[in-house]
Amino acid sequence: MATLELSLDEEVAVTPARRARRLGPLFWAAIGWMMFVFAAATLAPLLPMPSPTDMDMLERRAPMSALHWLGTDGLGRDELARLIYGARISLIVGLCAPVIGITIGGALGMLAGYFRGRFETLVVGSMDVLLAFPPLILALAVTAYLGQSILNLTCILGVLGIPAFMRVARAATLTLARREFVIAAQALGATHARILLRELLPNVFLPPFAFFLLGAAVTIVVEGALSCLGLGVPPPISSWGSMSGEGRESLEIAPRLAFLPAITMFLTVLSFNLVGDTLRALTDPRQGAL
Amino acid sequence: MTEPALLSVEDVAVDLPTPRGDLRAVDHVDLKIGAGRTLGIVGESGCGKTMLSRAILQLLPKKARLSGRVMFDGQDLVGLDPERLRKLRGRSLAVVFQDPMTSLNPVLTIGTQLIETLQEHLELDGNAAKKRSVELLAAVGIPAPEQRLMQYPHQLSGGMRQRVAIAIALSCEPKLLIADEPTTALDVTIQAQILDLLAREQRRRHMAMILITHDLGVVAGRTDEVAVMYAGRVVERAPTPALFKNMRMPYTEALLAALPRIDAAPHAPLPAISGRPPDPTRPIKGCSFSPRCRYATAQCHREKPALAIAESPDHRYACFHPLKTAAGIPA
């Protein structure tokens with residue numbers, strides 16, 4: 001942190017090479033893995049590999065081969081293809097749900113922290129209610145009523161993330177809302193909307209954003225857990241969680257079917273956490289300069 | 001004052017609810033300031049100077065209760081509809097705060113902060129606003145203004161930042177500038193520069209200025225009138241020369257005596273005012289300065305003195321035992 005303080009004063013002198021050295025190989029490995037997963041997920045339909053849903057009953061739980069690089073699962077579906085298509089689901093859910101959380105939660109938190117009063121009481125109170133609600137029951141209830149789909153799953157996980165983002169954004173706003181520059185903006189005749197969007201948002205943004213990356217990691221895990229319990233995406237769509245869940249049945253015969261998706265998820269979540277932590281550490285000292 | 005007042009503060013009182021009871025931050029203050037004039041408000045920390053300035057701007061904390069009238073340019077700011085008040089702020093009323101470290105937004109460039117203010121209030125387009133920002137920064141004495149526009153507040157020194165804050169305050173040609181201890185956070189050599197800058201821009205733009213400070217030395221040469229505040233009240237108010245020649249209030253005398261003198265012997269102890277300002281949540285029955293005043297009598301502890309008129313109607317003081325004159329000659 002102390003070294004970064006220095007770089008604030010001589011920002012012009014900071015070269016990309018110096019910054020890269022400070023970030024360390026672990027950060028770049030994490031970035032590399034994330035890029036790899038993102039690329040595979042995006043380009044999945046273009047990759048030369050078998051369909052993730054085609055079953056080959058003669059090749060059930062086949063070992064690794066030239067045709068099936070990672071073998072096949074209990075229904076003879078290509079494991080690699082399912083992992084890659086599963087990445088799409090995990091990433092879509094893992095990124096979209098925190099987006100819902102950061103948008104709604106962040107907005108509510110800033111409004112609550114800025115306007116205070118009854119509105120804040122109402123928001124904080126309703127968030128406490130949401131926090132007290134057992135998440136698994138909520139997920140069960142929603143999927144029971146609205147059916148299993150990626151959209152529903154994303155919405156549930158998104159809504160569950162709102163209280164955390166609200167709290168982070170509100171805490172950040174509270175410390176800033178009575179700062180002199182906000183009063184100065186009011187004294188200059190700025191509207192509430194202007195103060196919130198131009199004066200506060202750029203200052204408040206960083207903590208929820210660092211939390212966003214951690215939130216994405218958590219969401220991927222939760223999605224995995226829900227899918228593993230059969231509450232996630234409906235079959236035959238694969239997600240890492242549902243693959244682990246299906247692999248559970250053949251844990252003794254072919255443990256890789258459960259472990260491969262679990263390891264993939266582990267690496268991805270770890271990457272998100274590493275990148276999130278590094279970005280947070282990089283942006284943290286700015287609070288000191290405020 | 002013959003010309004009609006630009007701002008007149010009439011019987012303004014501010015109460016702040018605290019857990020220990022109501023705190024009277026400003027106690028029935030009357031002040032007037034004409035267009036183009038300078039009023040100095042002097043007093044030690046916690047005497048209500050800043051709360052008074054916030055009351056004028058209607059920027060008090062939400063829980064504060066304000067009574068009285070603040071007439072600015074013919075309209076009462078108290079209870080003015082928020083939209084009209086918002087338009088008035090910035091355009092007619094501007095403020096420079098004490099600490100330029102916190103009064104500028106740390107994550108926006110100087111340019112963004114200046115240009116957006118101009119665009120909002122003067123409805124200039126982007127290029128015109130940028131051009132005017134450069135002129136403004138040049139006017140407040142910032143070298144290489146074009147480059148500064150792209151910099152963030154943390155890249156500027158304290159004095160520079162205060163100049164930027166002044167540029168923002170001046171950007172829309174306000175009629176009244178409230179400078180709330182504009183030099184307290186700066187070192188002494190910069191203080192004089194900033195005060196000179198404020199005085200120069202004030203003359204050039206013919207704007208009125210309220211200069212709030214705890215330093216009598218600051219107001220001495222730069223104001224037309226001075227109001228001395230103590231415990232939320234104005235205890236003496238006079239045209240600046242009259243105040244320094246014939247001060248009546250023992251508190252003013254004590255404040256002046258507490259200024260370090262260049263001709264004093266080295267290591268001479270500074271005559272401090274003993275004691276502390278009274279606890280504003282427990283108002284004193286008599287004169288609020290009486291516990292610390294060396295002239296205090298039983299009457300001072302019993303009754304509150306009203307603002308009496310000295311030899312000219314412009315000079316008022318609240319004391320039962322006014323000093324004759326600073327020089328000791330009976331008035």
> Restricting attention to the range A:279-290, does a residue exist that is within 14 Å of chain B (Cβ to nearest Cβ) and buried (at least 23 other Cβ atoms within 10 Å of the Cβ)?
Replying inline: no
>> Here's a check for you: in the range B:70-86, which residue that is more than 14 Å from chain A (Cβ to nearest Cβ), closer than 22 Å to B:G48 by Cβ and not small (G, A, S) is surrounded by the most Cβ atoms within 10 Å (Cβ to Cβ)?
In response: B:V70
> Mind checking which pairs have a first residue in the range B:166-195 that is over 18 Å from A:V182 (Cα atoms) and surrounded by fewer than 22 Cβ atoms within 10 Å (Cβ to Cβ) and a second that is modelled with pLDDT under 85 and of a type in the set (S, T, Y), Cβ under 6 Å, 6 or more apart or different chains?
Replying inline: B:Q191/B:T183
> Do we have B:I210 as surrounded by 24 or more Cβ atoms within 10 Å (Cβ to Cβ), at pLDDT 90 or above and touching a helix residue (DSSP H, G or I) at 6+ places or on another chain (Cβ under 8 Å) here?
Replying inline: yes
> Which residues, taken from the range A:164-177, are basic (K, R) and crowded, with 22+ Cβ neighbours inside 10 Å?
Replying inline: A:R170
> Residues A:R77, A:R82: which one is over 24 Å from A:V218 (Cβ atoms), basic (K, R) and touching a Pro at 6+ places or on another chain (Cβ under 7 Å)?
Replying inline: A:R77
> Can you tell me which residue in the range B:141-165 is surrounded by the most Cβ atoms within 10 Å (Cβ to Cβ), limited to those that are of a type outside the set (G, A, S) and within 17 Å of B:A185 (Cβ to Cβ)?
Replying inline: B:Q162
> Among B:A138, B:A129, B:A94, which is surrounded by 20 or more Cβ atoms within 10 Å (Cβ to Cβ) and either at pLDDT below 85 or assigned to a helix (DSSP H, G or I) (or both)?
Replying inline: B:A129
> Just for the range B:153-187: of the residues that are at the interface with another protein chain (Cβ under 10 Å from one of its Cβ atoms) and part of a helix (DSSP H, G or I), which one is farthest from B:G48 (Cα to Cα)?
Replying inline: B:Q155
> Within the range B:34-47, restricting attention to residues that are under 15 Å from B:M229 (Cβ atoms) and part of a strand (DSSP E or B), which residue is farthest from the other protein chains (Cβ to nearest Cβ)?
Replying inline: B:V42
> Right, A:M55: at pLDDT below 85, in contact with a helix residue (DSSP H, G or I) (Cβ under 7 Å, 6 or more places away or on another chain) and not in a helix (DSSP H, G or I) or not?
Replying inline: no
>> Within the range A:110-208, considering only helices (runs of 4 or more DSSP H) that don't extend past its boundaries, which have at least 2 residues that are within 10 Å of chain B (Cβ to nearest Cβ) and either touching a residue at least 24 places away in the same chain (Cβ under 8 Å) or of a type outside the set (K, R) (or both)?
In response: A:180-187, A:201-204
> Got a number for residues in the range B:48-69 being away from chain A (no Cβ under 14 Å) and over 12 Å from the mean Cα position of the chain (by Cα)?
Replying inline: 5
>> What pairs come out if I take residues in the range B:19-30 that are at positive phi and pair them with residues that are outside any loop (DSSP other than H, G, I, E, B) and modelled with pLDDT of 85 or more whose C-beta lies under 9 Å away, six or more apart or interchain?
In response: B:H28/B:D11; B:H28/B:V12; B:H28/B:A13; B:H28/B:S67; B:H28/B:G68; B:H28/B:R233; B:H28/B:V234
>> Just to check your reading of the model, which residue among A:E180, A:E199, A:E223, A:E246 is crowded, with 18+ Cβ neighbours inside 10 Å and under 17 Å from the mean Cα position of the chain (by Cα)?
In response: A:E223
> Does B:R89 satisfy being within 30 Å of B:E253 (Cβ to Cβ) and either more than 14 Å from every other protein chain (Cβ to nearest Cβ) or free of Cβ contacts under 8 Å to residues at least 40 places away in the same chain (or both)?
Replying inline: no
> Of all residues in the range B:217-237, which are part of a helix (DSSP H, G or I) and crowded, with 20+ Cβ neighbours inside 10 Å?
Replying inline: B:V218, B:V219
> Of everything in the range B:97-126 that's within 24 Å of B:L6 (Cβ to Cβ) and more than 9 Å from chain A (Cβ to nearest Cβ), which residue is modelled with the highest pLDDT?
Replying inline: B:L118
> What is the residue count in the range B:131-160 for residues that are touching a residue at least 24 places away in the same chain (Cβ under 8 Å) and either touching a His at 6+ places or on another chain (Cβ under 9 Å) or among the small types (G, A, S) (or both)?
Replying inline: 5
> In the range B:251-277, what residues are closer than 19 Å to B:I41 by Cα and either assigned to a loop (DSSP other than H, G, I, E, B) or β-branched (V, I, T) (or both)?
Replying inline: B:T252, B:A258, B:L259, B:I273, B:P277
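The values are calculated or read from the model by the stated rules, or taken from the named source; none is laboratory data. Keep in mind the model is a prediction, meaning the values are calculated, not measured. When we count neighbours, we look across all protein chains shown, and the Cβ atoms used for this are built from the backbone with ideal geometry, even at glycine.
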